[in-house]
1. Any residue in region 66-87 that's within 26 Å of Pro204 (Cα to Cα) and touching a residue at least 24 places away in the same chain (Cβ under 8 Å): show its pairings with residues that are β-branched (Val, Ile, Thr) and assigned to a helix (DSSP H, G or I) at Cβ separation under 9 Å, as long as the two are six or more apart or on different chains.
2. Taking region 214-234 as the search range and keeping residues that are assigned to a loop (DSSP other than H, G, I, E, B) and more than 21 Å from Phe116 (Cα to Cα), which one is modelled with the lowest pLDDT?
3. Thr164 passes all but one of (1) of a type in the set (Ser, Thr, Tyr); (2) touching a strand residue (DSSP E or B) at 6+ places or on another chain (Cβ under 6 Å); (3) surrounded by fewer than 20 Cβ atoms within 10 Å (Cβ to Cβ); which number fails?
4. Can you tell me which of Thr145, Thr233, Thr164 is touching a residue at least 12 places away in the same chain (Cβ under 8 Å) and either under 21 Å from Ile5 (Cα atoms) or within 17 Å of the chain's Cα centre (by Cα) (or both)?
5. Say we look at region 114-144 and pick out the residues that are assigned to a strand (DSSP E or B), polar (S, T, N, Q) and out of contact with any Pro (no Cβ under 9 Å at 6 or more places or on another chain); which of these is nearest to Gly192 (Cα to Cα)?
6. Among the listed residues Ser9, Ser21, Ser34, which satisfies the condition of being in contact with a strand residue (DSSP E or B) (Cβ under 6 Å, 6 or more places away or on another chain) and within 20 Å of Pro115 (Cα to Cα)?
7. Looking only at residues that are among the aliphatic types (A, V, I, L, M) and outside any strand (DSSP E or B) in region 176-189, which one is farthest from Leu84 (Cα to Cα)?
8. On the given criteria, is Gly192 assigned to a helix (DSSP H, G or I) and touching a helix residue (DSSP H, G or I) at 6+ places or on another chain (Cβ under 8 Å)?
Amino acid sequence: MNIVITGASNGIGFELVKILSSGNDHQVIGIARSGEKLIELADQTKLNEGTGRFYPIPFDLTQPDFSKNLVPGMLKIMPRIDILINNAGLLINKPMEMLTDEDFDQLFEVNVKAPFRLIRDLIDLFAHPSHIVNICSMGGVQGSTKFPGLALYSAAKGALAVLTESLAVEFSEKKIYVNALALGAVQTEMLGKAFPGYQAPLKPVEMARFIADFATNGHHFFNGKILPVSLSTP
């Protein structure tokens with residue numbers, strides 16, 4: 001399969017690339033801002049015993065015009081896309097009275113607008129069938145427990161969840177399946193910003209194994225669903 005993963009330079013995205021590029025002839029593009037971390041990831045994937053391949057693309061998803069600045073480089077690597085995992089995310093932990101317009105723009109730029117742009121500009125490259133997996137948060141699920149300081153982050157992830165449901169309907173005739181995984185606590189840098197000192201029950205590699213399996217198989221069972229994947233929300 002041809003697979004694209006954003007937010008590939010650390011945490012869950014880093015582990016996803018290692019897992020999915022380790023076998024079954026998968027060709028994996030990993031996108032992240034940090035070229036240095038992508039080089040480190042590429043070095044680790046070279047140790048894989050499988051037949052998959054990893055292609056790092058350093059790119060800041062807040063840059064405009066993906067069709068000119070990102071997609072041409074992807075086309076040189078793969079002519080079609082079977083799986084897109086929108087894993088890149090941004091968290092800002094501040095009380096409401098301290099949040100700025102810039103905070104709002106940054107949170108929605110990374111968590112909502114970047115997935116929107118990427119899906120829109122890759123639409124003609126998706127295979128039929130294909131699977132888009134948006135990584136959301138339990139904080140963005142209506143009725144879930146909410147936490148002080150995370151109002152805008154939760155709102156952005158909630159917007160991504162609704163976008164997921166809407167696109168699943170819009171793309172149904174094309175057999176482009178769209179689902180979201182609403183993650184609970186995983187021991188990542190992002191969790192540390194939200195809940196300093198908290199020890200999550202899951203490591204990034206454990207969650208990455210689940211996401212990898214869901215990305216390759218979940219569209220046979222689900223479409224337009226926001227699925228909680230959570231042992232705990234602190």
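The values are calculated or read from the model by the stated rules, or taken from the named source; none is laboratory data. These numbers were taken from a predicted model, which means no experiment stands behind them. Ideal geometry is used to build each Cβ from the backbone, glycine not excepted, and the neighbour counts take in all protein chains shown.
1. Filtered contacts from region 66-87: Asp82/Thr216; Ile83/Thr216; Leu84/Ile119; Ile85/Ile211; Asn86/Ile119; Asn87/Ile12; Asn87/Ile211.
2. Pro234
3. Answer for Thr164: the failing condition is (3).
4. Thr164
5. Ser137
6. Ser9
7. Within region 176-189, the match that is farthest from Leu84 (Cα to Cα) is Ala185.
8. No.
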